[in-house]
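Quick note: the coordinates plus some simple rules give every number you see, no bench work behind them. All of these numbers come straight from a predicted model, not from anything done at the bench. In this analysis, Cβ positions are derived from the backbone assuming ideal geometry, glycine residues included, and neighbour counts consider all displayed protein chains.
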Amino acid sequence: MEITASAVKDLREKTGAGMMDCKKALAETAGDFEKAIEFLRKKGMASAAKKAGRATKEGTIYALNDGKSAVLVEVNCETDFVAKTEQFKNFVNDIATHVATANPTDMGALMGQKFYSNASMTVEEKLREAIATLGENMTISRFVRYPASATTESTSYIHAGGKVGVLVEFGTTKGKDPAFQEYARNIAMHVAAAMPQHVNPSEVPAELVAKEKEIAIEQMKASGKPANVLEKIAEGKINKFYEDICLMKQAYVKDPAKKIEGYTAEVSKALGAPITINRFARFVLGETAKTEETTN
């Protein structure tokens, strides 16, 4: 039967679901309005759409390592009360497991993928179902996934009950050694505390370094020192800049007399095998929402 635009409009106004979802619901139920509402409710689309747009600043950051990959995800909800429920925690674990299993390339790909344990629905539909069940708006904000290999090991650290999460990938063949595991956890905890932005100075964008140098020289021009002296002082300030934002150049929080590069070299020597820190991710709960507020 033909699904009229007015029927779709009426169903949308009644349920708050999207146009295409309403059209699909009417098609699936042969145009029966009440059955279409029931269809949308079962899919979690009706109540989810009504809640869309409500602020989601609570939630959790969660880490999972299934031996094949390590994952860090942030899932948000409206209240801390819901974030502490078993249903929410189970949903977050499901999303992390899906990311580990299905290896989405980005958020857009993730939301469109068939859910790993139920191919009859997409991740987006799974989210809508959870929204309908828990009664709050929810968002899957971001994720990172580091695949496992014979020469890499990933370690996570979750701080303050899911308010901060860190995932670090190391290059090593000693991943199962207790001494390495202690070192790796210490590094993950350091990243949580010290907030580095890059692993090494080579990763810092050249334009950012140039801008820092320009600012440093401008600040010292009034001193009357010659250009070559200003250049040397500016280089010292750039090194200090690297110590602030580059993990390997930072002072180790548990022993500030050491830098992370020195601590890493020390553990590498003790293990008799090299260790590299390949990359890391550091999530703070709600920071993506704050960024969106700033840019809007």
Using a Cα-Cα cut-off of under 16 Å, which lysines could be cross-linked to Lys23, ignoring same-chain neighbours fewer than 8 residues away? Lys9, Lys14, Lys35, Lys42, Lys43
Sequence neighbours fewer than 8 away in the same chain don't count; with that in mind, list the aspartates and glutamates whose C-alpha is under 16 Å from Lys249. Glu203, Glu235, Glu261, Glu266
Do any of Lys89/Lys176; Lys68/Lys174; Lys163/Lys258; Lys57/Lys89 go past 20 Å between their Cα atoms, and which? Lys89/Lys176; Lys163/Lys258
Shape verdict for region 143-296, please, from the Cα gyration tensor: rounded (a/c under 1.5), prolate (a/b greater than b/c) or oblate. oblate
Ranked by GNM mean-square fluctuation in the chain (Cα springs under 10 Å), the top entry among Leu167, Leu285, Leu72 is Leu285
Would you grab the residues whose amide H sits under 5 Å from the one on Phe170? Only those 5+ places off in sequence or on another chain, please, with H modelled 1.01 Å from N. Glu153, Ser154, Thr155, Asn278
Only loop residues by DSSP count here, and only those with at most 14 other Cβ atoms within 10 Å; note down the chymotrypsin sites (Phe, Trp or Tyr not before Pro) in region 140-215 that meet that. none
Using the basic label-point model (7 angstrom from Cα toward the beta carbon), what is the Met195 to His159 distance in nanometres? 1.0
Show which lysines lie in cross-link reach of Lys225 when reach means a straight Cα distance below 19 angstrom and same-chain residues fewer than eight apart are skipped. Lys213, Lys237
Under unit Cβ charges (Lys, Arg +1; Asp, Glu -1), what dipole magnitude, rounded to 20 debye, does region 205-274 have relative to its Cα centre? 180
For the chain, the dipole about the Cα centre with charges only on Cβ (Lys and Arg +1, Asp and Glu -1), to the nearest 20 debye, works out at 300
Looking at (1) 151; (2) 132; (3) 175, which value of volume of the Cα convex hull per residue in Å³ comes from a calculation on the structure shown? (3)
